[in-house]
Amino acid sequence: MDDFKRMAIFATVVQQGSMSAAARTLGMTPSAVSQQVRQLERDGGVTLMHRTTRQLTLTDAGQRFYAECARMVEAASNARAELQAELQEPSGELRISSTVGFARHIAPALGPLLASHPKLRLQLLVDDAQIDLTSARIDLAIRYGNLPDSQWVAKRLGAMHWWPCASPQWLEKHGTPETLQALLTSSWLGLPASLEFQGLQVRVPVGKSRPGQFEEHVLPIEPRIASNNQLALMQMCEAGLGIALLGSMDVQESLSAGRLVRLFPDWEFGRSGSLPIWAVTPQRNMQPAKVRLALEHLAQYLKGVPGVFHGRGDGTF
């Protein structure tokens, strides 16, 4: 054990650049630090560093030895932090970034966690725009679709399917579309300059004679009404202003209440047919208890939400 202690002291000396600086960091005297390093050299039979009154210089052997000592210290630090993270009570501020559409799920998902841990506070930032997670000091963000390259870690919570919907009053006035041509000439609501409306991909079942096979089509649809907010699009769709391509998770209540009708239930819409839901957290070896437990509660909650489909697991983006 003394050897491990001496190796940690040696690594600190190198990192701090002097015996005195290392002594201050470790709460020791400079002479005690020097004695520990000299003992390492005597035990190993090699000189690890050259000392002058102005600087310390590592020998070749000292440089190689330091690399291993530094790895040992880092491993010990990670092990200690892992224990602390496992044992710590969720507390402090949990900063979550969510889209407008998902925000209504935060309370039922995390309500039990907040009720069980009174020292935990929640700061919820709701915005459909892609905010800078680092500068906003976000602990956990909800994101959809394909994610850009980043050092953050993404855990897949499930996926939504794209469902075209219309209100009963719109269908009564314009009729229920039953063909691709009818879709193409219908009045659409959509996101401005969105990929799906630069070419709406539709996969149509071939027929009963070829089950599981689809014909792929791309419709050059331009929305008559555009908004950068999915919730606003759903509300305008309910108001009878046209057809909207909506997420299956978002429209369940409206479908059950009869405010919307799902069209073409056997067809698949969108470039991939689904929209992945991600929980995004900073890159780190372990998560604080508040983040780890929030992830667990979100994942468990979404397993019971209609319109959320589950497939492959996590990833890093």
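Here are a few things to note about the model shown:
- Of the GluC sites (Glu not before Pro) found in region 66-144, no site is in coil according to DSSP while having at most 10 other Cβ atoms within 10 Å of its Cβ.
- Gaussian network model of the chain, springs between alpha carbon atoms under 10 Å - residue of Arg143, Arg38, Arg203 with greatest fluctuation: Arg38
- All-pairs Cα distance distribution in region 1-106, expressed in whole percent, bin size 10 Å: 13, 36, 20, 12, 10, 7, 2
- Helix-only [θ]222 nm of the chain, DSSP H runs n ≥ 4, -39500 (n - 2.57) each, per residue, nearest 500: -12000 deg cm²/dmol
- Its convex hull of Cα atoms gives the chain a direction-averaged projected area, equal to a quarter of the hull surface, of 23.9 nm².
- Rounded tilt (10° steps) of 60-87 against the dominant C-alpha axis of the chain: 50 degrees
- Gained length - Ser20 relative to Ser256, 0.36 nm times residue gap less alpha-carbon distance: 77.8 nm
- Gaussian network model of the chain, Cα within-10 Å springs - most flexible of Gly101, Gly175, Gly158: Gly175
- Between the C-alpha center of region 130-196 and that of region 1-63 there is a gap of 59 Å.
- Net charge of Cβ neighbours under 11 Å - reference Met234; Lys, Arg +1; Asp, Glu -1: -2
- Using a cutoff of 8 angstrom between alpha carbon atoms and counting only pairs six or more residues apart, the relative contact order for the chain works out to 24 percent.
- Each of the peptides 176-189, 240-253, 221-234 was scored by the mean count of other Cβ atoms within 10 Å over its residues; in descending order, highest first, they stand as 240-253, 221-234, 176-189.
- Helix 106-116 and the long axis of the chain differ in direction by around 40°, with both axes built from C-alpha atoms.
- Cα gyration tensor of region 22-81 - equivalent ellipsoid semi-axes, whole Å, descending: 21, 16, 11
- For region 119-258, the average shadow cast by the Cα convex hull is 12.0 nm², which is a quarter of the hull's surface.
- The separation of region 230-263 from region 96-112, counted between C-alpha centres, amounts to 20 Å.
- Lysine pair count for the chain with Cα-Cα distance under 23 Å and sequence separation of 8 or more or different chains is 4.
- In this structure the amide hydrogen of Asp128, modeled in the peptide plane, comes within under 5 Å of the amide hydrogens of Val100, none closer than 5 places in sequence on its chain.
Where a number appears in this text, it was derived from the coordinates with a stated rule and is not lab data. What you see is a predicted model, and the numbers here were worked out from it, not measured in a lab. Don't worry about glycine lacking a Cβ; one is built from the backbone with ideal geometry, like all the others, and counts go over all protein chains shown.
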